[in-house]
Amino acid sequence: MQDLIISPSILSLDYAKVSEQLAALERSNAKWLHFDVMDAHFVPNLTFGPDVCKGFRRAVSLMMDVHLMVVDPWFVSDLFLRSGAGLISFHLEAMKDIQDALALCAHIRKHGVMGGIAVKPATPIEPLLPYLDQLDLVLIMSVEPGFGGQSFMPEMLDKVKQVHKEIEQRKLNTRIQIDGGINEATARLAIAAGCDTLVAGSYVFRADIENAVDSLLCLKP
């Protein structure tokens, strides 16, 4: 397994304590910062644009892990390619077909940014498996996308196991990220299934940030 990466989600950031919490993130062992982009169409919520991403990029040294939950990933990804993103993942459900998704991922990677594809809970993972060598990351949603604070769906771990098995068999470097309801207990299950990248929101930002990140990192086998 690759090194375990924790990507705290700023969807759960306490915006009354932004400076304090960002300073704690800088001191923590988190390497990425998960940046949820929602357009109020693909999901029923509206969040952040590229200028906000630029601001966070200047404020912290963590890599910007941008997760697009939008109806037009081609257009929006170009905005974030210019905003300091280190990774851009987008939803398979928003694309015309698999080939369209692979083309966008190639476009993102051509600009020196990692590219990933995300799937909602109801979306089967099998169509992606032959193409894992063309992806830097697969993002498996363990809640319905759109809002933080939801409960983890353990049945999503079957998808993780399928992707992990394919990566191991083909000796690929593709990362497996899981997003939704991650805490110490669910993280342990996700890591055991094969995840190497954990998005954690409420668990990190509603606690001592440094200790919460370390409590997840120590679960690595």
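The values are calculated or read from the model by the stated rules, or taken from the named source; none is laboratory data. Just so it is clear, the model here is predicted, and its values are computed rather than measured. Neighbour counts run over all protein chains shown; Cβ positions are idealised from the backbone, glycine included. Remember, those area values only see protein heavy atoms, side chains included, never the ligands or the DNA or RNA. Shrake-Rupley method; radii C 1.70, N 1.55, O 1.52, S 1.80 Å.
A simple spin-label model places pseudo-atoms 7 Å from Cα toward Cβ; at residue 106 and residue 41 they are separated by 2.6 nm.
In the context of the full set of protein chains, residues of segment 66-221 present 41 Å² of accessible surface per residue (probe radius 1.4 Å, heavy atoms only).
Surface composition of segment 25-102: carbon plus sulfur atoms hold 53% of the accessible area, using a 1.4 angstrom probe and ignoring ligands, DNA and RNA. Spacing of the modelled spin labels on residue 131 and residue 16, each 7 Å from Cα toward Cβ, amounts to 4.5 nm.
The heavy atoms of residue 15 present about 110 square angstrom of accessible area, all protein chains included, probe 1.4 Å. In this structure, the amide hydrogen of residue 7, modeled 1.01 Å from its nitrogen in the peptide plane, lies closer than 5 angstrom to those of 198, 199, 200, counting only residues at least 5 positions away or on a different chain.
Taking every DSSP bridge with both residues inside the chain, close to 5 percent are antiparallel.
Spin-label model, residue 71 to residue 52: label points 7 Å out along the Cα-to-beta-carbon direction sit 2.0 nm apart. Residue pairs exceeding 24 angstrom between C-alpha atoms, taken from 96/120; 120/161; 96/165; 54/220; 96/159: 96/165; 54/220. Rolling a 1.4 angstrom probe over segment 156-221 with all protein chains present gives an accessible area of which 48% lies on carbon and sulfur atoms.
Dividing the alpha-carbon radius of gyration of segment 1-100 by 2.2 N^0.38 Å (N being the number of residues), what value is obtained? Spell out each step's value before the answer.
Numbers: Rg = 14.1 Å, N = 100, 2.2 N^0.38 = 12.7 Å.
In units of the globular-protein estimate, segment 1-100 measures up at 1.11.
When Rg and Dmax are taken over the Cα atoms of the chain, they come to 15.9, 47 Å.
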